[in-house]
Amino acid sequence: MTDPVALYGTAVPPAPATELRHGAVTLTLQEGALRHIRVGGTEIIRSVAFLARDRDWGTIAPELGTLERHEDGGTLRLVLPMGFDTGTARLDVTLQVQIAEGRLSVTAEGRAQGDFETNRAGFTVLHPIEGVAGCPARVTHSDGRTEDSRFPELIEPWQPFMDIAALEHAANGMRVRCAFTGDTFEMEDQRQWGDASYKTYNRPLALPWPHVLEDGAAVAQSCEITWEAAPDSVPARPAGAALTARVPQTALVLTAEEARRLARQPDDLDVVRPQRLLCHVDAAAAPAAPQIAAFAEAQAVLPGILFDLELIGRFDGSQTPREELDAHSAAVRDSGLVPASVFVCPSVDRQSTPPGSAWPDCPPLEEIHAAAARAFPDLPRGGGMASLFTELNRKRPPVGQLDFVSHGLCPIVHAADDGHVMETLETIPHVARSARAIIGEAEYRIGPATIAMRQNPYGSRTIPNPGGGRVCMTDDDPRHRGAFGAAYALGLAAALAPFDIAVWTPAALYGPRGLFGDDGPLPLAGVLRALSELAGETVREAGIAEGIATLATDGARLSANLTASDNGGLPPYGWHLARGTEIETPARRDYLSG
């Protein structure tokens, strides 16, 4: 199957990529970034890119000029003009790359035309995580001091390395050194956003943002990567998993408006037959009582499914937490809604608090959850974050007061190309293991976890996507509607399965992250139906290898191709379900036959 709409939900093709080889070095040049830099087949750096981000941390797509390629005396030199346009100003940059024996250098020189507002403009270097997490590292600071440390094994909530002039590590049989000039660089553990990388970037987060490159301001930065064999490098310990795990129950997220629609069309749930519905009540956006009443209306016609209350509280000082939660409890009681559980999250905690920023006003979580225990004494109660693991890691819940902890996932925070989205699945074991270190034996729930972003913790809005492209932090990603979205969901289920997730929410019922398109149920619905039918079964095998995701129980085996090529007997982004010797492929007949 080659139809891009069937594969990706959009006619917009993937960004073109150029494969480059020079001696033992191979890499991919895509959208101005050097990706998957390998030496003799071993990946030493995930990416080197000159990026510009807007005030909402959205990535400004560069306009690329003509690539020049020159070879001279054993050195490959590339020259690429790039332009970043905000609509009111522009940053023009010339990127120069040189590859020689044991060395790759990248320089960028540019100039602003107009006052260029940006949160970040400069180089980012991504180190891979497999084999690197937990390995030794040496940092050279701007004053020449050296510091011996390690790449974090568990995910760090704050920057593991600061003031980096050079960073050296040994992993996977290679010793790699990255040296930087032109600004102050530091590193963040990008795994907490789902990225399969550690990111070194310029301009410390403690400095004000956005900032302005004034008209005519010059930019000059460089990054030099050198390497040599290190056969004595010690392999890093792989992420651990639960000894026994079961396939989680499946939930779908609903707003109040969508609940009213479901009350009129209850058969819509048959497309997946989930065990639960996640009822999103945002008391900061509108009065809670009418929202709660809408879910009671849906429950009246769907008594056989569990309704979990996701309660976003105001906690803005207009009432005490006890007064606010008592009022919400009374609204639940008056509506007739019978929740199976209640998750409470302060509205302000949906927004990120980066390093160096002041925490917003909010009552202590201990006070909030004590009030929730009083207001909902007979319900399982949860906390954590309605946003992402990043926020949970930075503001950790009082686990001793909770029955379960939850957070969401989104793979398009920092990049949105197809390869990056699938690569985030490498990170899921690291996220789950780090979350378990925080929450211990508490029940662990995930979601919503969709390709598109429900709400932007890092800016004032999600990013519009009217053209159906691959856009960071958009609330409408077309791949959700194609075979890609179905394969990604099965990959996510396989990556999560070893960690004994109790409930996961991989989609909404309606809307851009829902299960229906113009022509009926989406490909995603078939995968989620198959996974929902396995809820509670013991996981016998789960993982991702060579582009194939696998999840097996005693009674069934699910597989998905996570690549754009035929792989493992499956078409691009195809999947199948096997029970015993019989293979059932209704999804393949319906939308993978091409």
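Any read-out appearing in this document is the output of simple, stated calculations on the displayed coordinates, not a laboratory observation. For clarity, every value in this text was computed on a predicted model and none was experimentally measured. For neighbour counting, all protein chains shown are included, and Cβ atoms are generated from backbone atoms with ideal geometry for every residue, glycine included.
Can you tally the net charge around Pro321? Count Lys and Arg as +1, Asp and Glu as -1, for every other residue whose Cβ sits under 14 Å from the Cβ of Pro321. Neighbourhood net charge equals -4.
Charged side chains reduced to their Cβ positions (Lys and Arg at +1, Asp and Glu at -1) give the chain a dipole of some 640 debye around its Cα centre. The distance from the alpha carbon centre of the range 153-221 to that of the range 77-117 is 17 Å, rounded to a whole number.
Dipole magnitude for the range 67-194: about 280 debye, using +1 per Lys or Arg Cβ and -1 per Asp or Glu Cβ, origin at the Cα centre.
Each peptide in 311-323, 193-205, 138-150 receives the mean, over its residues, of other Cβ atoms within 10 Å, and ordering these scores from highest gives 193-205, 311-323, 138-150.
Lys and Arg at +1, Asp and Glu at -1: add these up for the other residues within a Cβ distance under 10 Å of Tyr198 and post the number. Result for the neighbourhood of Tyr198: -1.
Identify, among Thr226, Met174, Ala549, the residue whose Cα sits farthest towards the positive end of the charge dipole of the chain, taking +1 on the Cβ of Lys and Arg and -1 on the Cβ of Asp and Glu, with the dipole about the Cα centre. Value: Ala549.
In degrees from 0 to 90, rounded to the nearest 10, what is the angle of the helix 321-335 Cα long axis to the longest principal axis of the chain? Roughly 50 degrees between the two axes.
Shape of the range 4-229 from the C-alpha gyration tensor: rounded (a/c under 1.5, with a ≥ b ≥ c the square roots of its eigenvalues).
The protection proxy used here, the mean number of other Cβ atoms lying within 10 Å of each residue, ranks peptides 326-339, 9-22 as follows, highest first: 326-339, 9-22.
Considering the convex hull of the alpha carbon atoms of the range 250-305, report its projected area averaged over all viewing directions, in nm², one decimal. Orientation-averaged projected area of the Cα hull: 3.5 nm². Which log10 I(q)/I(0) values, to two decimals, does the range 249-591 give at q = 0.09, 0.12 Å⁻¹ under the Debye formula with one point per Cα? At q = 0.09, 0.12 Å⁻¹ the computed log10 ratios are -0.46, -0.84.
Put a plus charge on the Cβ of each Lys and Arg, a minus charge on the Cβ of each Asp and Glu, and nothing anywhere else: the dipole of the range 249-591 about its Cα centre is then about 160 debye. For the chain, find the longest principal axis of its Cα atoms and tell me its angle to the long axis of helix 483-496, 0 to 90°, nearest 10. Here the helix axis deviates by roughly 80 degrees. The alpha-carbon atoms of the chain, seen along their principal axes, cover 77, 60, 48 angstrom, with the largest extent given first.
Taking every alpha-carbon pair under 8 Å whose residues sit at least 6 apart, the chain reaches a relative contact order of 13 percent. By how many degrees, 0 to 90 and rounded to 10, does the Cα axis of helix 365-375 deviate from the longest principal axis of the chain? So the helix axis and the longest Cα principal axis differ by about 20 degrees.
Farthest toward the dipole's positive end in the range 291-384, which of Pro339, Gly313, His369, given Cβ charges of +1 (Lys, Arg) and -1 (Asp, Glu) about the Cα centre? It is Pro339, whose Cα lies furthest towards the positive end. Here's the picture: charge each Lys and Arg Cβ at +1 and each Asp and Glu Cβ at -1 in the range 1-153, and of Gly144, Gly32, Val12 the one pushed furthest to the positive end of that dipole is Gly144. Highest mean packing comes first when the peptides 347-356, 115-124, 365-374 are listed by Cβ atoms within 10 Å, giving 115-124, 365-374, 347-356.
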